[in-house]
Amino acid sequence: MNASEKWFIIDAEGVVLGQIATKVADYVRGKHKPDWHPSLNCGDHVVIINAEKVVLTGAKETKKDYIRHTGFRGGIKMKAAGKMRTEHPERMIELAVTGMIPRNRIRQYAVEKMHVYAGSEHPHNGQNPKTLTI
């Protein structure tokens, strides 16, 4: 861990998914810092708690589908947002943030700095994360 890397925590309860994703994408890439550069890995760690209580606007709870492919012929798997929330609520935030980060070599390092938890408990209390409000 770099000495200039800081830790932040976001409570996702009652906040819209897109608003969390844009804020987290900026912080894990380091765009909030004055010395940001696109080719440098200068982002901070972000802990997101209460991922299961994130808000989807409109009819996205039933109409939004998460699509993945197994790699085999005819292997398209679709899952509605409501079902994804019950089975893997942290994956909704991870996919939203990952889609907002450019597809380059630094993407892997930026995604590794995001820590998402479904409940309010997390193992990063030792890093003394600062609270971010949205």
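For region 42-65, which positions are within 17 Å of Val16 (Cβ to Cβ) and either open to solvent by less than 30 Å² (accessible area, probe 1.4 Å) or aliphatic (A, V, I, L, M) (or both)?
Of everything in region 42-65, those that are within 17 Å of Val16 (Cβ to Cβ) and either open to solvent by less than 30 Å² (accessible area, probe 1.4 Å) or aliphatic (A, V, I, L, M) (or both) turn out to be Val46, Ile48, Ile49, Asn50, Ala51, Val54, Val55, Leu56, Ala59.
Please verify whether region 21-30 includes one or more residues that are over 14 Å from the mean Cα position of the chain (by Cα) and surrounded by 21 or more Cβ atoms within 10 Å (Cβ to Cβ).
yes
Determine whether region 86-95 contains at least one residue that is of a type in the set (A, V, I, L, M, F, W, C), open to solvent by 40 Å² or more (accessible area, probe 1.4 Å) and either closer than 24 Å to Asn125 by Cβ or assigned to a helix (DSSP H, G or I) (or both).
Checking region 86-95: at least one residue is of a type in the set (A, V, I, L, M, F, W, C), open to solvent by 40 Å² or more (accessible area, probe 1.4 Å) and either closer than 24 Å to Asn125 by Cβ or assigned to a helix (DSSP H, G or I) (or both).
Has region 37-47 got at least one residue that is of a type in the set (A, V, I, L, M, F, W, C), closer than 17 Å to Lys6 by Cβ and within 14 Å of the chain's Cα centre (by Cα)?
yes
Take the residues in region 104-131 that are aliphatic (A, V, I, L, M) and outside any helix (DSSP H, G or I); name whichever of them is farthest from Ile48 (Cα to Cα).
Ile106
For Lys77, state whether it is charged (D, E, K, R), part of a helix (DSSP H, G or I) and free of Cβ contacts under 8 Å to residues at least 24 places away in the same chain.
Judged against the criteria, Lys77 is not a match.
Filter the strands (runs of 3 or more DSSP E) completely within region 1-72 down to those with at least 2 residues that are under 18 Å from Ala118 (Cβ atoms) and either aromatic (Phe, Trp, Tyr) or in contact (Cβ under 8 Å) with a residue 40 or more places away in the chain (or both).
7-11, 45-49
The values are calculated or read from the model by the stated rules, or taken from the named source; none is laboratory data. Treat the numbers as computed from the prediction; the structure is a model and nothing was measured. Ideal geometry is used to build each Cβ from the backbone, glycine not excepted, and the neighbour counts take in all protein chains shown. With ligands, DNA and RNA removed, areas are computed over all heavy atoms of the protein, side chains included. Shrake-Rupley method; radii C 1.70, N 1.55, O 1.52, S 1.80 Å.
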